[in-house]
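Encoded as structure tokens, the structure appears first; notes follow it.
The values are calculated or read from the model by the stated rules, or taken from the named source; none is laboratory data. Please read these numbers as outputs of a predicted model, since none were measured by experiment. When we count neighbours, we look across all protein chains shown, and the Cβ atoms used for this are built from the backbone with ideal geometry, even at glycine.
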Amino acid sequence: MLGPGGAAVSPKERQRPEPELGAEEWIFPFEAELHAVSPQLHDAQSGWMSQIDSLTAPDRKTHELIRMVCTVIRRNPPGVARHAMLAAEVGATWEEVAGSIVLTEPAFGLLNVVEALPWARRGWERGRRVAPRSSDGRDDRAGPSAKAAKPAKPA
């Protein structure tokens, strides 16, 4: 069976459909259940994740590639797709995404790599269709005025 971009898809990949966002558009599948049981805990979790997402170093592209690699290691295909998508949104090339995944092979094995690549490709393709963002995560559609103004050069 061929997956995105004509790449071979493992049998496990076909068994794990990518979750769809619900009516409330939860980012993670567990959020609806967690929110129903404990909205305060869910809010705290969301706040904690927001703080992680707001880190200014490393740059946003590297941040997403690192998080994608972590999901490869955890064998979390939807996470691989999500972070590949987010990396693409901030300018990661397919070579950067695929290369980051391949770098996991010596320590975590070939199976992780071949299972992750179709998911990463799917996410990366989705991210390419989204408006490009600067490496700090700002939407570049708004043009130069949306970016911080450069300080005037001293005379």
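Kindly check whether there is at least one residue in the stretch 128-135 that is part of a helix (DSSP H, G or I) and modelled with pLDDT of 60 or more. Spell out how you get there, then give the answer.
Taking the stretch 128-135 first, the residues part of a helix (DSSP H, G or I) are 128-129.
From the residues that got through so far, the ones that are modelled with pLDDT of 60 or more too are 128-129.
Checking the stretch 128-135: at least one residue is part of a helix (DSSP H, G or I) and modelled with pLDDT of 60 or more.
Can you find even one residue in the stretch 46-55 that is crowded, with 16+ Cβ neighbours inside 10 Å and either part of a helix (DSSP H, G or I) or among the small types (Gly, Ala, Ser) (or both)?
The answer is no, given that none of the residues of the stretch 46-55 is crowded, with 16+ Cβ neighbours inside 10 Å and either part of a helix (DSSP H, G or I) or among the small types (Gly, Ala, Ser) (or both).
Only one of these conditions is not met by TRP26: (1) loosely packed, with under 15 Cβ neighbours inside 10 Å; (2) part of a loop (DSSP other than H, G, I, E, B); (3) of a type outside the set (Asp, Glu); (4) modelled with pLDDT under 80. Which number is it?
Only one criterion in (1) loosely packed, with under 15 Cβ neighbours inside 10 Å; (2) part of a loop (DSSP other than H, G, I, E, B); (3) of a type outside the set (Asp, Glu); (4) modelled with pLDDT under 80 is unmet by TRP26, namely (1).
Would you confirm, using the coordinates I've provided, whether ALA87 is of a type in the set (A, V, I, L, M, F, W, C), closer than 14 Å to PHE28 by Cβ, buried (at least 23 other Cβ atoms within 10 Å of the Cβ) and in contact with a Ser or Thr (Cβ under 9 Å, 6 or more places away or on another chain)?
Details: of a type in the set (A, V, I, L, M, F, W, C): yes; closer than 14 Å to PHE28 by Cβ: no; buried (at least 23 other Cβ atoms within 10 Å of the Cβ): yes; in contact with a Ser or Thr (Cβ under 9 Å, 6 or more places away or on another chain): yes.
Spelling it out, it is not the case that ALA87 is of a type in the set (A, V, I, L, M, F, W, C), closer than 14 Å to PHE28 by Cβ, buried (at least 23 other Cβ atoms within 10 Å of the Cβ) and in contact with a Ser or Thr (Cβ under 9 Å, 6 or more places away or on another chain).
Would a scan of the stretch 96-103 turn up a residue that is over 21 Å from ARG126 (Cα atoms), surrounded by 14 or more Cβ atoms within 10 Å (Cβ to Cβ) and at pLDDT 95 or above?
We begin by selecting, within the stretch 96-103, every residue over 21 Å from ARG126 (Cα atoms); these are 103.
Then drop every residue that is not surrounded by 14 or more Cβ atoms within 10 Å (Cβ to Cβ), which leaves 103.
Subsequent filtering for residues that are at pLDDT 95 or above retains 103.
Among the residues of the stretch 96-103, at least one is over 21 Å from ARG126 (Cα atoms), surrounded by 14 or more Cβ atoms within 10 Å (Cβ to Cβ) and at pLDDT 95 or above, which makes the answer yes.
Being part of a helix (DSSP H, G or I) and without any contact (Cβ under 8 Å) to a residue 24 or more places away in the chain narrows it down to one of PRO118, PRO58, PRO106, PRO78, so name that one. Spell out how you get there, then give the answer.
Numbers: PRO118 fails: without any contact (Cβ under 8 Å) to a residue 24 or more places away in the chain; PRO58 fails: part of a helix (DSSP H, G or I); PRO78 fails: without any contact (Cβ under 8 Å) to a residue 24 or more places away in the chain.
On inspection, the qualifying residue turns out to be PRO106.
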